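S.K.: The structure that follows is given in the form of structure tokens.
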Amino acid sequence: MRSPFVLTHVPVHVSVTTRAGGVSAAPYDENNLALHVGDDAGAVAANRRQLAGYLGVDRVQFMQQVHGADVAVVDEASDADVAGVDVLVTATRGLAIAVLVADCVPLALVGRKAVAVAHAGRRGLAEGVVEAALAAVRRLDDGQIVAQIGPSICGGCYEVPAAMQAEVVAKVPAAAATTAAGTSGLDLPGAVRAQLRDARVITANPATLCTFEESIYYSHRRDGVTGRFAMVAMLLP
């Protein structure tokens, strides 16, 4: 796991796991945290327990993401993943919530009274997942919100057909990109940053690592069958 990122305006823990240090076998090696990718469920459970132990909690709340913009507000952690949502929000201190990714943008939003994690992929971005996450936090917290964007595929690596690019850019113009090969692409982290800027939300980290380029992270576009890493956020007790 990368070193914790702790915002100074509020006691909060935000961190990102890597693919190192777990018990999953290839092609999920080593620290896969997702149950839906074909990995052994026992290995995933062990990896999740290890993460919870690192955070000093009994369990971490995950979700079954569907590339949409639906939100769930949670006040306690369950062994079951929250189904059918791409945003988790909590105002409960000591409750760790997580988003799983392997190229899509993991986003954490932190206020003084509430925290959220969101999964911003191509489809979710176009459907308004960033706006939905911000609105959910603001319903629980009327103060300043600070965002952190996690590792995700960059616009130089995320090649898509021109028609797909046009479909997304029609809704999110800042997603337009040209890849390193000169083909049509999508800049998902750039688009998220632009939406946060438009919403007057401070982004704590202006640059992010590319999952396609950095082998320490899972990348579905690079590897095909692979695991998922997590961004975790928690308001500290």
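S.K.: Find the residue count for the stretch 83-128, including only residues that are assigned to a loop (DSSP other than H, G, I, E, B) and either within 22 Å of ARG49 (Cβ to Cβ) or of a type in the set (Gly, Ala, Ser) (or both).
M.R.: Kept after step one, since they are assigned to a loop (DSSP other than H, G, I, E, B), are these residues of the stretch 83-128: 84-86, 91-96, 102-104, 111-114, 121, 128.
Retained after the next criterion (residues that are either within 22 Å of ARG49 (Cβ to Cβ) or of a type in the set (Gly, Ala, Ser) (or both)): 84, 91-96, 102, 111, 114, 121, 128.
Matching residues across the stretch 83-128 total 12.
Quick grid of which residues meet (1) closer than 22 Å to VAL12 by Cα; (2) touching a helix residue (DSSP H, G or I) at 6+ places or on another chain (Cβ under 8 Å); (3) part of a loop (DSSP other than H, G, I, E, B):
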| residue | (1), (2), (3) |
| --- | --- |
| ALA191 | no, yes, no |
| GLN195 | no, yes, no |
| ARG222 | no, no, no |
| MET231 | yes, no, no |
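Table: residues versus (1) among the polar types (S, T, N, Q); (2) buried (at least 20 other Cβ atoms within 10 Å of the Cβ); (3) closer than 26 Å to PRO189 by Cα.
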{"site": "VAL14", "(1), (2), (3)": "no, yes, yes"}
{"site": "GLY21", "(1), (2), (3)": "no, no, no"}
{"site": "SER24", "(1), (2), (3)": "yes, yes, no"}
{"site": "ASN32", "(1), (2), (3)": "yes, yes, yes"}
{"site": "VAL44", "(1), (2), (3)": "no, yes, no"}
{"site": "LEU51", "(1), (2), (3)": "no, yes, yes"}
{"site": "VAL60", "(1), (2), (3)": "no, yes, yes"}
{"site": "ARG93", "(1), (2), (3)": "no, no, no"}
{"site": "VAL101", "(1), (2), (3)": "no, yes, yes"}
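S.K.: Tell me, please, whether a residue that is outside any strand (DSSP E or B), touching a Lys or Arg at 6+ places or on another chain (Cβ under 6 Å) and at pLDDT below 95 can be found in the stretch 142-153.
M.R.: yes
S.K.: Further question on the same structure: Scan the stretch 194-209 residue by residue and report those that are touching a residue at least 12 places away in the same chain (Cβ under 8 Å) and under 21 Å from ALA126 (Cα atoms). Quick ask: steps written out before the conclusion?
M.R.: The first filter runs over the stretch 194-209 and keeps only residues touching a residue at least 12 places away in the same chain (Cβ under 8 Å), leaving 194-196, 199, 201-206, 208-209.
If the condition is that a residue be touching a residue at least 12 places away in the same chain (Cβ under 8 Å) and under 21 Å from ALA126 (Cα atoms), then ALA194, GLN195, LEU196, ALA199, VAL201, THR203, THR208 are the ones that fit.
S.K.: Sticking with this one: Among the numbered criteria (1) closer than 24 Å to PRO173 by Cβ; (2) among the aliphatic types (A, V, I, L, M); (3) in contact (Cβ under 8 Å) with a residue 60 or more places away in the chain, which one does LEU100 miss?
M.R.: Failed condition: (1).
S.K.: Of these, GLY182, GLY227, which one is surrounded by fewer than 18 Cβ atoms within 10 Å (Cβ to Cβ) and in a loop (DSSP other than H, G, I, E, B)? Show your work before the answer.
M.R.: Values: GLY227 fails: surrounded by fewer than 18 Cβ atoms within 10 Å (Cβ to Cβ).
That would be GLY182, the only listed residue that is surrounded by fewer than 18 Cβ atoms within 10 Å (Cβ to Cβ) and in a loop (DSSP other than H, G, I, E, B).
S.K.: Still on this structure: I'd like the full set of residues that are in contact (Cβ under 8 Å) with a residue 40 or more places away in the chain, farther than 18 Å from ARG122 by Cα and surrounded by 24 or more Cβ atoms within 10 Å (Cβ to Cβ), limited to the stretch 70-91. Give the steps one after another, and end with the answer.
M.R.: Initially, the stretch 70-91 is screened for residues in contact (Cβ under 8 Å) with a residue 40 or more places away in the chain, giving 70-71, 73, 81, 86-87, 89-91.
Still in the running and farther than 18 Å from ARG122 by Cα: 73, 81, 89-91.
Listed by number, the residues that qualify are VAL89, THR90.
S.K.: Tell me, which residue of the stretch 200-231 that is of a type in the set (Gly, Ala, Ser) and modelled with pLDDT under 95 is nearest to ALA175 (Cα to Cα)?
M.R.: Taking the stretch 200-231 and keeping what is of a type in the set (Gly, Ala, Ser), we get 204, 207, 215, 219, 224, 227, 230.
Now narrow it down to the ones that are modelled with pLDDT under 95: 204, 207.
Details: ALA204: 20, ALA207: 16 Å.
The extreme case among them is ALA207.
S.K.: Next question, about the same structure. Any idea which of GLN144, GLN148, GLN165 is surrounded by 22 or more Cβ atoms within 10 Å (Cβ to Cβ) and of a type outside the set (D, E, K, R)? Break it down stepwise before answering.
M.R.: Working: GLN144 fails: surrounded by 22 or more Cβ atoms within 10 Å (Cβ to Cβ); GLN165 fails: surrounded by 22 or more Cβ atoms within 10 Å (Cβ to Cβ).
Going through GLN144, GLN148, GLN165 in turn, just one is surrounded by 22 or more Cβ atoms within 10 Å (Cβ to Cβ) and of a type outside the set (D, E, K, R): GLN148.
S.K.: Related question: Starting from residues that are within 18 Å of ALA116 (Cβ to Cβ) and part of a loop (DSSP other than H, G, I, E, B), keep the ones in the stretch 39-64 and report whichever is farthest from the chain's Cα centre (by Cα). Working first, answer last.
M.R.: Start the filter on the stretch 39-64 by keeping residues that are within 18 Å of ALA116 (Cβ to Cβ), which leaves 55, 57, 60-64.
From the residues that got through so far, the ones that are part of a loop (DSSP other than H, G, I, E, B) too are 57, 60, 62.
Details: VAL57: 20, VAL60: 14, PHE62: 11 Å.
The residue in question is VAL57.
S.K.: Listed residues HIS67, HIS36; which is surrounded by fewer than 17 Cβ atoms within 10 Å (Cβ to Cβ), part of a loop (DSSP other than H, G, I, E, B) and touching a Cys at 6+ places or on another chain (Cβ under 9 Å)? Talk me through it step by step, then tell me what you get.
M.R.: On the way: HIS36 fails: touching a Cys at 6+ places or on another chain (Cβ under 9 Å).
Residue meeting the stated conditions: HIS67.
S.K.: Just the residues that are in a helix (DSSP H, G or I) and either of a type outside the set (A, V, I, L, M, F, W, C) or farther than 27 Å from SER215 by Cα (or both), please, taken from the stretch 154-167. Talk me through it step by step, then tell me what you get.
M.R.: Narrowing the stretch 154-167 to residues in a helix (DSSP H, G or I): 162-167.
Passing the criteria: ALA162, ALA163, GLN165, ALA166, GLU167.
S.K.: Only one of these is basic (Lys, Arg), modelled with pLDDT of 95 or more and touching a strand residue (DSSP E or B) at 6+ places or on another chain (Cβ under 9 Å): ARG19, ARG49, ARG59. Name it. I'd like the intermediate steps shown before the answer.
M.R.: On the way: ARG49 fails: touching a strand residue (DSSP E or B) at 6+ places or on another chain (Cβ under 9 Å); ARG59 fails: touching a strand residue (DSSP E or B) at 6+ places or on another chain (Cβ under 9 Å).
Going through ARG19, ARG49, ARG59 in turn, the sole match is ARG19.
The values are calculated or read from the model by the stated rules, or taken from the named source; none is laboratory data. Note that the structure is predicted; figures quoted are calculated from it, not measured. Every residue, glycine as well, gets a Cβ built from its backbone with ideal geometry; the counts of neighbours run over all protein chains shown.
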